[in-house]
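No value in this document is a laboratory result; all are computed from the given coordinates. Being a predicted model, the structure only gives us computed values, none of them experimental.
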Amino acid sequence: MTEDEIRALALSLPLAEEHPHFDRASFRVKGKIFATLPPGGERVVLKLLPEIKESLRQSDPEAIIPLPGAWDRGGWTEIAFRSMEDDKLAHLVRLAWRQVAPKKLLGDQP
């Protein structure tokens with residue numbers, strides 16, 4: 001995936017909006033961030049469950065970039081997205097959205 005494809009996917013999810021967040025673009029639902037695109041065009045940061053993050057560390061260690069302290073423990077996961085299959089990354093973006101979306105929106109969303 002490219003940065004533009006990640007942006008388009010994130011914005012296609014219900015109630016998702018893009019807002020600046022320091023030096024990066026952030027994607028939010030009801031003000032809660034589920035993804036950011038740091039400068040450079042090669043990484044995405046996603047809010048994932050710790051179990052999913054740990055699974056990624058084992059299955060795709062070259063794609064996961066360690067984050068400092070509380071960010072790492074909080075489930076935030078930085079991914080070198082060019083090192084990951086498009087379908088897998090798209091699934092992770094949707095999972096990140098599910099982490100912050102209001103329960104009434106989840107319904108049938110993948």
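Calculation over all alpha carbon pairs of segment 47-110 in 10 angstrom steps from 0 returns a P(r) of 21, 52, 24, 3 percent. Counting Cα-Cα pairs of the chain in 5 Å increments starting at 0 gives whole-percent bin shares of 2, 13, 25, 27, 21, 11, 2, 0. Rounded to the nearest 500, the 222 nm mean residue ellipticity of the chain from helices alone is -11000 deg cm²/dmol, with -39,500 (n - 2.57) taken per DSSP H run of at least 4 residues.
Any idea what the relative contact order of segment 3-106 is, in percent, if you count C-alpha pairs under 8 Å spaced at least 6 apart?
Result for segment 3-106 is 27 percent.
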